[in-house]
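See below for the structure under consideration.
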Amino acid sequence: MNDTNEKNLKIITHSGNFHTDEVFACAVLSLLNDGNIEVIRSREPDIWATGDYVVDVGGEYDHARGRFDHHQEGGSGVRPNGIPYSSFGLVWKEFGEKISGSAYVARVIDERVAQPVDAGDNGFETFGVRGEVAPYILQDVISAFRPGWNEARTEDEGFSEAVPFAVKILEREIVRARTEEEGKRYAEEAYEKADDKRIIILEDHYPWYEALGTKSEPLFVVKPDRGNMGKWKIEAVRSDVHSFKNRKNLPSAWAGKTGDELAEISGVPDALFCHNKLFIAVAGSKDGALALAKLAVDA
């Protein structure tokens, strides 16, 4: 298939209501070809035959021929964790590493962005709800681009706005994953250098959970407070990335305290703030944050 930017790629997807998976499948192909794409939305087989790529329609999955549907009998494959592929995941599996330049980044984007979309499109539940409150997820965001029943705008107009939006999300998620890949190395180095591996000191705002969350010892991370010039903060290591449960809370007496009150209770002169949920505290200096961390470890 033509996957260069020498000409516009012709992408065919289905007409009618659009969904998150084909919006993002088209966004991936846009990134593949530097934005040079023509998208035709049709349910006519004669039209499908003219496409360089056909996504989420056509009843076949053949990556060599640029056919990426998952609605056919038997689907188009299932990941080891049980989440079936939709058109987004199929296209990302084929081109993600080429677009991002990294197997690590391609994996992260699949886990973070593609798998939740694929799960939702295939009716595969990945989370529960609390009472009447459900997460506002990517499918909700893309659905907001659809026309309301009493609007004059068309599905095609909504789709044409949704795809560039999805491109921006993918571009930023790729950047985010690349910085995480680099930051992970610095966090691992900090762990190896730490004398007390319960407290890990980072010299910059490195993403750290993937590197440290798999280690059993770390309880707190001390690092610069980005956006709060000169200040340092202590963060509790969570039990897992999807949980708000800390391995160890900051001392309960610090909860919600600020300024002089926190300084007096903690004995750290430049202590500034402790979150009411006991997972973040801020001090005016690196030494102050480290002092808070040492107190928290022994509390």
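Details
- Hey, residue 111 under 25 Å from residue 173 (Cα atoms), surrounded by 13 or more Cβ atoms within 10 Å (Cβ to Cβ), without any contact (Cβ under 8 Å) to a residue 12 or more places away in the chain and not basic (Lys, Arg) or not: yes
- Residues within the stretch 154-179 that are within 14 Å of residue 101 (Cα to Cα) and surrounded by 15 or more Cβ atoms within 10 Å (Cβ to Cβ), tallied: 6
- Scan of the stretch 31-51 for residues that are without any contact (Cβ under 8 Å) to a residue 24 or more places away in the chain and either closer than 11 Å to residue 11 by Cα or in a strand (DSSP E or B) (or both), ordered by number: 49
- Candidates are the residues of the stretch 114-146 that are of a type in the set (S, T, N, Q) and over 19 Å from residue 165 (Cα atoms); the one that is surrounded by the fewest Cβ atoms within 10 Å (Cβ to Cβ) is 126.
- Each residue in the stretch 217-264 was checked for being of a type in the set (Ser, Thr, Tyr) and modelled with pLDDT of 95 or more, and 2 of them qualify.
- Screening the candidates 180, 203, 173 for the property of being in contact with a Pro (Cβ under 8 Å, 6 or more places away or on another chain), among the charged types (D, E, K, R) and closer than 30 Å to residue 23 by Cα yields one hit, 180.
- Selection within the stretch 69-100: residues that are of a type in the set (A, V, I, L, M) and buried (at least 24 other Cβ atoms within 10 Å of the Cβ). The member of this set that is nearest to residue 28 (Cα to Cα) is 91.
- The residues on offer are 23, 54, 28, and the sole one that is assigned to a strand (DSSP E or B) and either at pLDDT 95 or above or surrounded by fewer than 20 Cβ atoms within 10 Å (Cβ to Cβ) (or both) is 54.
- Scope the stretch 156-196; condition among the acidic types (Asp, Glu) and in contact (Cβ under 8 Å) with a residue 40 or more places away in the chain; matching residues: 156, 171, 173, 180, 181, 196
The values are calculated or read from the model by the stated rules, or taken from the named source; none is laboratory data. All of these numbers come straight from a predicted model, not from anything done at the bench. Using ideal geometry, Cβ is built from the backbone for each residue, glycine included, and neighbour counts are taken over all protein chains shown.
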